[in-house]
Amino acid sequence: MLRRMRDDIKMVFEQDPAARSTIEVVTTYAGLHAVWSHLIAHKLYNNQRYVAARAISQISRFFTGIEIHPGAKIGKRLFIDHGMGVTIYQGVTLGGTGKEKGKRHPDIGDNVLIAAGSKVLGNIQISSNVNIGANSVVLQSVPSYSTVVGIPGHIVKQDGKRIGKTFDHRNLPDPLYEQIKHLERQLEKTRNGEIQDDYII
């Protein structure tokens, strides 16, 4: 446990340039407290002490604003910087694009929901009361009270009003599939003698 705690503290210094001292990290980083509380709750949960596990989880939520179900399996080096008022589902990436210098990661406001598989990348601002749809890739700042979907992410609702055409989540475009179908059509035309060139456009 002590080795894990030391590794977590080291990871905070690697991830957050604002971290100045070990005592500051240990005493004031709510994300760290939430993860450490979860380790205890998870152990109790695995030993079928469900009430105690849930109690620790809820106490941790009260003090840190971060809720992690005691049954959740979390690997090493999880860094939760600003957990209050944000809902993040599985497979979400909050990171840099690899092109920035200095601050590279997004700022997330209050009451933000980031659905499964989404990527929020770069030194951008996701304002408060924003919903980000599943598997979206957000590369630009998003104003408050907005809903963002797609690749790249675009705003489809703002202040309760739809923007642009209705987005159909059941019929999302697949650019790779469309390109393959286009090449198949070109090959068929070549076989039928409709295209005489030695190459396919």
- Query: Tell me, what ³J(HN,Hα) does each residue in segment 140-154 have, in order and in whole Hz, if you take phi through Karplus 6.51 cos²θ - 1.76 cosθ + 1.60 with θ = phi - 60° and put x for Gly and Pro?
  - Reply: 10, 4, 10, x, 4, 6, 10, 10, 10, 9, x, 10, x, x, 9
- Proximal lysine pairs in the chain, meaning Cα under 22 Å and 8 or more positions apart or interchain, come to 14
- Note on the structure: Relative contact order as a percentage, the chain, C-alpha pairs under 8 Å and 6+ apart, gives 10
- Taking R0 as 41 Å, what's the FRET efficiency between residue 159 and residue 15 from their Cβ-Cβ distance, rounded to 0.05? 0.75
- If all Cα-Cα distances of segment 69-115 are sorted into 10 Å bins from 0 onward, what percent lands in each bin, rounded to whole numbers? 20, 50, 27, 3
- So how much slack lies between residue 67 and residue 145, counting 0.36 nm per residue of separation and subtracting their Cα-Cα distance, in nm? 25.8 nm
- Query: So what are the ³J(HN,Hα) numbers for segment 51-57, from phi and the Karplus equation (6.51, -1.76, 1.60; θ = phi - 60°), rounded to whole Hz, Gly and Pro as x?
  - Reply: 5, 5, 4, 5, 4, 5, 4
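How far, in nm, would the chain grow between residue 3 and residue 52 when pulled straight, counting 0.36 nm per residue and subtracting the alpha carbon separation?
Stretched out fully, the residue 3 to residue 52 stretch lengthens by 15.2 nm.
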- Task: Kindly provide the trypsin sites (Lys or Arg not before Pro) of segment 4-73 that DSSP labels as loop, not H, G, I, E or B, and whose Cβ sees at most 12 other Cβ atoms within 10 Å.
- Result: 20, 73
- Item | Sites residue 100 and residue 43 - FRET efficiency at Förster radius 30 Å, r taken between beta-carbons, to 0.05 | 0.20
- Cα-based convex hull volume of the chain per residue, rounded to whole Å³: 204
- Message: With every protein chain kept in place and ligands, DNA and RNA left out, what is the accessible area per residue of the chain? Probe 1.4 Å, answer in Å².
- Response: 68
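The values are calculated or read from the model by the stated rules, or taken from the named source; none is laboratory data. It should be emphasised that the depicted structure is a prediction, and the values quoted were computed from it without experimental measurement. We place every Cβ from the backbone using ideal geometry, glycine too, and count neighbours over all the protein chains shown. Accessible surface is based on the protein model in full, side chains and every heavy atom, while ligands, DNA and RNA are left aside. Shrake-Rupley method; radii C 1.70, N 1.55, O 1.52, S 1.80 Å.
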